[in-house]
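In what follows, a single structure is set out as structure tokens and then discussed.
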Amino acid sequence: MTYNFLIAPDFSPERFAGWHMFNTLLQKHSDIAVHLLTPASHAEQAEMIKEKDIDLIYANPFDAAALIREHGYRAIARPVGKSDEMVIATSANGDIQKLEDLKAGNTVAMADNRDVKLIGLRLLEAVDLTEADLTFDITETFQAAARQVIQGKADVAFFLADIFKGLSKLTRAQMTVLIESDLADISHVLLVKDGFEHADTLERVILSLQDSAESQTMLEELGFEQGFEAMDEESAEFMIDLMETLLD
């Protein structure tokens, strides 16, 4: 039998090969057939979760909260030292050069990622701006959001920090970072469906990847040089509570 493993779409394109390497090693060391699903957008991800039987999900924290509370998943692991920080950036040649330059009526470009939007709006509370004050231009990818800003079609863009840092040097040279979050305790997590018969085996393999020389290239490709650490129910609930605090 083959089991489905879904990866959240919010990772840099250069990480794509790393996820395929991850899936290959997961199958090799567990002797379990795992089919990798890589939705191109959050809408496609939601459709896959609704229509397919998915046993393993690498989810962003916002989606993880709903999957744990409402859809019968539990957290087993997360990347070591890889919190989900976000960046607000603008054009290097534009009129906005500091957070205080943002005004009601400005346009924000961003991919469809609720975590990034949530954290970005929290950061903008410092300059008394709310979601109602801004126009959001939702793009297919974070790379497209960068283009909107560089071309002057949006005033700022919200990014996952990891994706922003993975943009080309030329793209980053045309942008100015206004602020970066520093949350530390919110991260993407690996979830398994309750009752999945091979959960313990896959968890053991995932948590031992950093101990294998064979896995080092793959972990570097993913930007997870230190591998994965176990995540128990208490840690997951703490992260979900943090997310709900951001929402309030």
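A short reminder: the numbers here are calculations on the coordinates, not readings from a lab. Predicted model only: the values in this text are computed from it and were never measured. Virtual Cβ from ideal backbone geometry, glycine too; neighbours counted across all protein chains shown.
Which value, in nm² and rounded to one decimal, describes the direction-averaged projected area of the C-alpha convex hull of segment 100-242?
Over every viewing direction, the Cα hull of segment 100-242 projects on average to 11.0 nm².
Can you give me the pair-distance distribution of segment 86-180, C-alpha pairs, 5 Å bins, whole percents?
P(r) over segment 86-180, rounded to whole percents: 3, 16, 30, 29, 17, 5, 1.
Name the long-range amide H neighbours of residue 136: under 5 Å, sequence gap of 5 or more, or other chain; modelled H, no Pro or chain starts.
Under 5 Å from the amide H of residue 136: 108.
Roughly how many nanometres apart are two label points built 7 Å out from the Cα toward the Cβ at residue 147 and residue 171?
Those two pseudo-labels are separated by 1.0 nm.
Could you give the length gained by full extension between residue 97 and residue 51, i.e. 0.36 nm per residue of separation minus their alpha carbon distance, to one decimal place? Please list the in-between numbers first.
Working: separation 46, 0.36 × 46 = 16.56 nm, distance 4.48 nm.
Computed gain between residue 97 and residue 51 is 12.1 nm.
If each Cα of segment 69-109 is one equal point scatterer, what is log10 of I(q)/I(0) from the Debye formula at q = 0.17, 0.27, 0.34 Å⁻¹?
-0.68, -1.08, -1.25
Would you mind getting me the FRET efficiency between residue 194 and residue 31? Use the beta-carbon distance for r and R0 = 22 Å, nearest 0.05.
Here the calculated transfer efficiency is 0.45.
Give the lysines whose C-alpha is closer than 20 Å to that of residue 153, dropping any in the same chain fewer than 8 places away, or say none.
98, 103, 117
Applying 1/(1 + (r/R0)^6) with R0 = 25 Å to the Cβ-Cβ distance of residue 133 and residue 244, what FRET efficiency is obtained, to the nearest 0.05?
It comes to 0.60.
Where a Cα-Cα gap under 18 Å defines reach, which lysines qualify for residue 52, not counting those fewer than 8 residues away within the same chain?
193
What ³J(HN,Hα) values, in whole Hz, does the Karplus curve 6.51 cos²θ - 1.76 cosθ + 1.60 give for segment 89-104 when θ = phi - 60°, with x put for Gly and Pro?
Here the 3J(HN,Hα) series is 10, 9, 6, 5, 9, x, 6, 8, 10, 8, 4, 5, 6, 5, 9, 4 Hz.
Once the convex hull of the alpha carbons of the chain is built, what does its volume come to per residue, in cubic angstrom?
118
Please turn the phi angles of segment 209-218 into ³J(HN,Hα) values with the Karplus equation 6.51 cos²θ - 1.76 cosθ + 1.60 (θ = phi - 60°), one per residue in order, whole Hz, x for glycine and proline.
4, 5, 8, 10, 4, 4, 8, 4, 4, 4
Rounded to the nearest 10 degrees, what's the angle between the helix 114-124 long axis and the longest principal axis of the chain, both from Cα atoms, 0 to 90?
For helix 114-124, the angle is close to 40 degrees.
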